[in-house]
Amino acid sequence: MFATLTFRAVKHYTDRHTGKVVAVNRTGANGSMHPEAADKAFRYFVSCVNREVYGPKWNTRWHRGIQWARGSEFHKDGRLHFHALLSAPTADLNHLISRYAWHEWWYREFGRNQLEQPRSQHQVADYVSKYVVKDGQVDLSPNFGAWQPARPDYAVAPQQRDLVGVSHDEPTTGGLMQASRWEGTKKGRPSGHGP
């Protein structure tokens, strides 16, 4: 699965004691989420996906959860975002989770994102190599290379950006209910993974 993950500058939540909506600034001096905080957010996301797919003790299984390769990139305005490729050991990750549900989860917790199914092995190679060539930083999961990922399903499937009503300039802001028709019925919706 391809994932493009960005971070919103401010997080709003309702205080349990007062009932008031509180805004927390999550940015550093350059207007971007601190790289360590962004890394922690990404690892939390991966942990939640692993917990949904493989249960609470996913880290003790032979595969130690999904593998990922993540490229870090900065927008022209200095804000950090991630491009990641994630794969599961037991089956195509796109069949194990609902991309729409996890899209909503990331949007609620951190900001804009796009989760897509790769269409070919060539597209996967291009996606990863693009960030190496750009002099970006590429990080790998601790279990990267420990096992051969399940063969991805490259069948043409509806992509978030191709759905009617989804803005092509800002792929995750419009048409979300339209996207739910395609992916909202899959098993594995996240439940109760929020902080």
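The values are calculated or read from the model by the stated rules, or taken from the named source; none is laboratory data. Remember, it's a predicted structure, so these values are computed and weren't measured experimentally. Methodologically, a virtual Cβ is constructed for each residue, glycine included, from the backbone with ideal geometry; neighbour enumeration extends over all protein chains shown. Heavy atoms of the whole protein, side chains included, go into the accessibility calculation; ligands, DNA and RNA do not. Shrake-Rupley method; radii C 1.70, N 1.55, O 1.52, S 1.80 Å.
For the reader, a short list of remarks on this structure follows.
- Top-ranked residue of segment 5-36 - restricted to ones that are at pLDDT 85 or above and either of a type in the set (Asp, Glu) or crowded, with 18+ Cβ neighbours inside 10 Å (or both), ranked as nearest to Ile66 (Cα to Cα): Leu5
- Within segment 101-120, the presence of at least one residue that is closer than 18 Å to Pro152 by Cα and loosely packed, with under 12 Cβ neighbours inside 10 Å is confirmed.
- Selection status of Ser47, among the polar types (S, T, N, Q), modelled with pLDDT of 90 or more and buried (at least 20 other Cβ atoms within 10 Å of the Cβ): no
- Segment 33-51: number of residues that are in contact (Cβ under 8 Å) with a residue 24 or more places away in the chain and small (Gly, Ala, Ser): 2
- Residues in segment 57-91 that are among the β-branched types (Val, Ile, Thr) and in contact with a helix residue (DSSP H, G or I) (Cβ under 9 Å, 6 or more places away or on another chain) were compared, and the one that is most open to solvent (accessible area, probe 1.4 Å) is Thr90.
- Where Pro149 falls short, out of the listed (1) exposed (fewer than 11 other Cβ atoms within 10 Å of the Cβ); (2) of a type outside the set (Gly, Ala, Ser); (3) modelled with pLDDT of 70 or more: (1)
- Within segment 73-115, the set of residues being touching a residue at least 60 places away in the same chain (Cβ under 8 Å) and of a type in the set (D, E, K, R) comprises Glu73, Arg79, Asp92, Arg99, Glu104, Arg108, Glu109, Arg112.
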